[in-house]
Every structure is written in structure tokens, then in C-alpha cells.
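*Asks:* Pasting a structure here, questions to come.
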Amino acid sequence: MYLGHNYGFLAFSASMLGRSKESLEAARSSIKAVPPEMLDMMPGMDFFASEPLLVMVRFGMWDLALKEPRPPEKYKTLLALWLTRAPWRRRPRGSSRMPRRRWVSSKKLVASLPEDLTADQNKAKSIAEVGAKAVEARLAEKEHKVKDAIKLWEEAVGLEDGLAYSEPADGSIRSEATSAPSAGRQEGQGGAGRV
């Protein structure tokens, strides 16, 4: 378990330095060090297995992320992160069908998560709520509702600010919010990029 955690630190540290290849390699090594059998013994710790996907999102590796399979239903935290982080950006411009389906699925999953299920130092439900709000913000962007998107990104970042401090961060959305198409497009304001 500690070896996997160490690789997770390496992945996050490399990402802060902009080293995408090194970050993804370390993230993949973290999963190898924490096999499914180990995750099965620790409910809520399946979020460790999301590190490669989070690295792909952080660096915009959409082609790779699109190849990531849907996690098994038994890994609720991992599934929540997959639903809210796996990309749908390759859909035709203006199409909101996939994001809306993802948002509905993520909202249902959030509602079904037990209150006592933890993920690191946070409730799994709290982490999933951040992601669900980010999907809702992306959906507003796709529908060209810029003011709504900015408000939703601010709410998502606010939810994330309410999470317990953890190193590395539990699936931070900040890089998504600051690179959101709505960032900086509202009357000269920083939009979501200022949060």
C-alpha cells in the first residue's frame, strides 16, 4: 500500500513540474502496487486507482483517457471519478448528449453513495459531488450558457475547498476550471479562471 502511495506522490509531483510522461508512468505504477484484491479489502480506497485518469485529465491526454474502461460497479469512488473525469470533449461542437448522460449518471451515483464511505480523508460523496458539479459546469459550457458555467465552476471549486487537505489532492478540478472554455470570457472578468 505504501509503495502505491509513494508512486502517487511521484505522479502528482511530476505533474506539478509539467512532466506528463513521468507523471503518467508513476500513476500507472501506483495501480500496479495496489492490486484489486487489496482495494477489495479497503472500501473507499479505490480512489487510488483513479490516478492515471486524473493525470490524463490534468494534461489533456484525451485520446488516452477515452480508452480507459468503465470501472467495475463495486468500486463506487473510482466509478464516480471516472464518470466525472473521463472526457467527452470529442463530441460534435454544441452536442450535449454525452455530458448530460454523464451528469445524470454521476448525480445518481452521488445520491447512492453511503454517508460513511470514505475516500482518503474525505467522504466519497463529497469528492463525487465536486466532480458532478464540474460535469454540470461543462454541460453549461456546451450549451453556451457562459454565466451559468462560471457560477457552476465557482460552486465546484467551493465544494473542493471544503474537502479535507490531502497530499496529493483528491482529484482536484482546479486545472479543469481554469482551462474551461468559459474562463475569462465574461465582460473582461477572469470567469472560472479567477477561482
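*Asks:* Any chance you could count how many residues in the range 86-117 are more than 16 Å from the chain's Cα centre (by Cα), at pLDDT below 85 and under 27 Å from Ser166 (Cβ atoms)?
*Replies:* Qualifying residue count for the region: 0.
*Asks:* Can you give me the number of residues within the range 118-143 that are assigned to a helix (DSSP H, G or I), out of contact with any strand residue (DSSP E or B) (no Cβ under 6 Å at 6 or more places or on another chain), under 20 Å from Lys74 (Cα atoms) and modelled with pLDDT of 85 or more?
*Replies:* 6
*Asks:* Can you tell me which residues in the range 74-86 are closer than 14 Å to Leu117 by Cβ and not in a helix (DSSP H, G or I)? Spell out how you get there, then give the answer.
*Replies:* If we filter the range 74-86 for residues that are closer than 14 Å to Leu117 by Cβ, which is where we start, we get 74-81.
Selection gives Lys74, Tyr75.
*Asks:* If you take the residues of the range 29-71 that are among the aromatic types (Phe, Trp, Tyr) and in contact with a Leu (Cβ under 9 Å, 6 or more places away or on another chain), which of them is nearest to Leu109 (Cα to Cα)?
*Replies:* Of everything passing the filter in the range 29-71, Phe47 is nearest to Leu109 (Cα to Cα).
*Asks:* So, in the range 6-46, exactly how many residues are assigned to a helix (DSSP H, G or I), surrounded by fewer than 16 Cβ atoms within 10 Å (Cβ to Cβ) and not small (Gly, Ala, Ser)?
*Replies:* First pass over the range 6-46, keeping only residues assigned to a helix (DSSP H, G or I): 6-16, 20-33, 36-40, 45-46.
This time we only want the ones that are surrounded by fewer than 16 Cβ atoms within 10 Å (Cβ to Cβ), so: 6, 9, 13, 16, 21, 28, 32, 36-38, 40.
Subsequent filtering for residues that are not small (Gly, Ala, Ser) retains 6, 9, 16, 21, 28, 32, 36-38, 40.
Here the count works out to 10.
*Asks:* I'm checking my understanding of the structure. Among residues of the range 61-85 that are in contact with a helix residue (DSSP H, G or I) (Cβ under 6 Å, 6 or more places away or on another chain) and modelled with pLDDT under 80, which one is farthest from Gly131 (Cα to Cα)?
*Replies:* Arg85
The values are calculated or read from the model by the stated rules, or taken from the named source; none is laboratory data. Computed from a predicted model, the values in this text were never measured in an experiment. Heads up, the Cβs are rebuilt from the backbone with ideal geometry, glycines too, and the neighbour counts pull from every protein chain shown.
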